[in-house]
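Novice: Here it is, the structure in full.
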Amino acid sequence: MKLVELRGTHIQLGKVQAMRGVDLAIEEGEIITVVGESGCGKSTLGRAVLGLLSPSEGQVLYQGQDIFAPGYRMPDSLRLSVQVVHQDSYASLNPVRTIGQQLAAPLRRHNLVPRAQVKARVLEVLTEMGLTPADFFASKVPFQLSGGQRQRVSLARAALLKPKLIVADEPVSGVDATLRLAILELMRRKNAEGIAFVYITHDLGTARYLGRGGRMLVMYLGQVIESGPVETLLDDPLHPYLQALLAALPPLDPRKAKLVAPLPLRSLDMPDATRPPSGCSFHPRCPYAQGRCQSEPPSLREVREQFVACHFAEKLEGKPELES
Amino acid sequence: MLSIQNLSIDYRVPGGAMSVLRDVSLDFEPGKVTALIGESGSGKTTLTGAVLGLLASNARILGGRVSWKGENLLEASPERLRRFRWRQASVVFQAAQGAWNPTLSIGRQMLDCCRDHGVEAGRERMERLLRQVRLDPARVASSYPHQLSGGMRQRALIAMALMLDPELLILDEPTTALDLITQSYIFDILADIHRERELTAILVTHDLAAVARLADRVAVLYAGTVCELAEAESVFENPRHPYSQILLRSAPDVRGDLRLTATGDGKPPDLRQRPPGCIFASRCPERIELCLESEPQLGSEMVACHRRKP
């Protein structure tokens, strides 16, 4: 069953076309990783999946139902099946209520467990998230916890409602480096229990780690420009933009890192998102752009194991060398 | 050239003092890039603040020396420090954090710094430096900061830091908050500049990619102490201190190197009341009794860990 589906979805935020025609079907229990740089529309995609943004074109479907269909009112059960973990754990938790209070509230509100068992359930989920002794953490307010601990609380809150899907938008970017892996591991464990994840990040290293074995989408200026198995995309990128991103990441080895040559992009700067370029959005920066790229937008098409939006993907394989 | 000896600094906080640097000793080799790495709160920024005489007003220096060619900068007059800054040591801050004055053009700010230090007409030099950071001087010098992209502002800041031809360059998170492609471009520029001028540089960062790309030597900081100092290659290949090992192996590599260790939260130390013994003991997987009792010294092995001593 498709938990959430975007069909040709466009999202307009003020003057910015934040998402331009994205198709995505999220199956039960999978991890989908969404990567791209700031402003590429990856957080917008997350909010669209959460049903928080009404599309200007296209549809958002939950379990086959268009949730923005005229007159449709989403039942709570469907609403609760999709939960979120935000980047800023400080801003997403209530600063004046204890962790125990804020985790109990949704259980009570939705009558998910008998009243007498609410507290036990809260303590159980805190323990599961490694916040032990649980009653100690339940009595704390957010500022008394570290960033890593707060993010565990956010994950606990999302998991508490037994969702089918959790959208995690940069969940470890604000967490100290040495504590990130442990939180990603918790997410892997929740995934193994059957919860699907949409993991949104700019960090390709954690994308590979958390998303291993799953699918990845690469976004650029509101569009998906490449998608496919995580490992295939990162080991063998077809789109020149993904190639440039990977070339820009030095290996974590000083001997090799000092030798890397970045891909010679024609421009460093991301174009103005209010006026995306004609044709292929990447053409003003692409070192291989041809006349056709300026006029004809490439569609996402299947090339070997992945999908890529580039007219010349086959020709760019291996060491790209185009006839002019 | 620059050497820090037994430096300890506290910050006054409500209800006491927080010990941010404790007995730190570090030599900076001329012509080399030394990276200071560590998590937020490890004391990296306080350390460079002490070198430049730019500590927050609640900082209290408890002891130690910051020695610049034999002179103790901690005892230098404000006027001496004012001349030291920029003429001899300059800083590239994070451009995103308001390092530029928004009401003056880039060119005006660059030339102002020459004038204030009594250096003759810098226009030609400014144009050359802007070209060196691959910016178009005609356009950039007359622009205001908001008219440039984040990457361009950061590159202009690098040019600004080189205006007075300093001997020491401090790079304080020079690529944080920039996108990957711009970061890589800035690494390139910095590597070129370093090669050409043989500058001595301090790179403050939590980004291991930046360290791998630019650093010759690495000092790993944890809770205000140096736990390890080594050549960059050896830190990446064979980190010795348990904290360095955790730090280096907690960054998943995009190329799929999975030599990773997930660690539990542990309990970070309370810096208002430093525990006796090793400051990392509360989180250390290799802790023994001795670690809770006696504080390990860096020693000649340059690793502050009882378990790594012969």
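Novice: Hey, among the residues in segment A:212-235 that are of a type in the set (D, E) and within 12 Å of chain B (Cβ to nearest Cβ), which one's nearest to the chain's Cα centre (by Cα)?
Specialist: The qualifying residue nearest to the chain's Cα centre (by Cα) is A:E231.
Novice: While we're on this one: Which of the numbered conditions does B:A99 fail, given that it passes all the others? Conditions: (1) assigned to a loop (DSSP other than H, G, I, E, B); (2) in contact with a Gly (Cβ under 8 Å, 6 or more places away or on another chain); (3) of a type in the set (A, V, I, L, M).
Specialist: (2)
Novice: Then there is this: Going through A:A91, A:A48, A:A25, A:A69 one at a time, which residue ends up being part of a helix (DSSP H, G or I) and out of contact with any helix residue (DSSP H, G or I) (no Cβ under 7 Å at 6 or more places or on another chain)?
Specialist: Going through A:A91, A:A48, A:A25, A:A69 in turn, the sole match is A:A48.
Residues checked against (1) crowded, with 19+ Cβ neighbours inside 10 Å; (2) under 19 Å from B:R85 (Cα atoms); (3) of a type in the set (K, R):
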position	(1), (2), (3)
B:N101	no, yes, no
B:V119	no, yes, no
B:E127	yes, no, no
B:D136	no, no, no
B:S149	no, no, no
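Novice: Does B:L135 qualify as being over 20 Å from the mean Cα position of the chain (by Cα) and either in a helix (DSSP H, G or I) or farther than 27 Å from B:V220 by Cβ (or both)?
Specialist: Yes, satisfied.
Novice: Take the residues in segment B:203-259 that are at the interface with chain A (Cβ under 8 Å from one of its Cβ atoms) and of a type in the set (K, R), then tell me which one is surrounded by the fewest Cβ atoms within 10 Å (Cβ to Cβ).
Specialist: Looking at the filtered set, the residue picked out is B:R255.
Novice: What tally of residues in segment B:166-180 results from selecting those that are touching a residue at least 24 places away in the same chain (Cβ under 8 Å) and over 19 Å from the mean Cα position of the chain (by Cα)? Give the derivation first.
Specialist: So the first thing to find is which residues in segment B:166-180 are touching a residue at least 24 places away in the same chain (Cβ under 8 Å), and the list is B:166-179.
Pick out the ones that are also over 19 Å from the mean Cα position of the chain (by Cα) and you get B:179.
The total comes to 1.
Novice: Please go through segment A:264-307 and pick out each residue that is surrounded by fewer than 13 Cβ atoms within 10 Å (Cβ to Cβ), over 24 Å from B:M152 (Cα atoms) and of a type in the set (S, T, Y).
Specialist: Once the filter is applied, which keeps residues that are surrounded by fewer than 13 Cβ atoms within 10 Å (Cβ to Cβ), over 24 Å from B:M152 (Cα atoms) and of a type in the set (S, T, Y), segment A:264-307 yields A:S295, A:S299.
Novice: For residues that are over 16 Å from B:G256 (Cα atoms) and either of a type in the set (D, E, K, R) or within 13 Å of another protein chain (Cβ to nearest Cβ) (or both), tally how many sit in segment A:186-211.
Specialist: Residues in segment A:186-211 being over 16 Å from B:G256 (Cα atoms) and either of a type in the set (D, E, K, R) or within 13 Å of another protein chain (Cβ to nearest Cβ) (or both): 9 in total.
Novice: On the basis of being β-branched (V, I, T), within 28 Å of B:L208 (Cα to Cα) and surrounded by 13 or more Cβ atoms within 10 Å (Cβ to Cβ), does A:V260 make the cut?
Specialist: The answer is yes for A:V260.
Novice: Same structure, new question: I need the full set of residues from segment B:144-193 which are farther than 26 Å from B:A50 by Cα, part of a loop (DSSP other than H, G, I, E, B), out of contact with any His (no Cβ under 9 Å at 6 or more places or on another chain) and within 14 Å of chain A (Cβ to nearest Cβ), in order please.
Specialist: B:L148, B:S149, B:L178
Novice: Name the residue, out of B:G107, B:G150, that is within 21 Å of the chain's Cα centre (by Cα) and more than 30 Å from B:E29 (Cα to Cα).
Specialist: Numbers: B:G107 fails: within 21 Å of the chain's Cα centre (by Cα).
Only one candidate passes the filter, namely B:G150.
Novice: Every residue in segment A:202-218 that is within 15 Å of A:I183 (Cα to Cα) and of a type in the set (A, V, I, L, M, F, W, C), please.
Specialist: Within segment A:202-218, A:A207, A:L210 qualify.
Values in this text are rule-based calculations from the coordinates and carry no lab data. Values in this document were obtained by computation on a predicted structure and should not be read as measured data. Note that we place each Cβ from the backbone using ideal geometry, even for glycine, and neighbour counts take in every protein chain shown.
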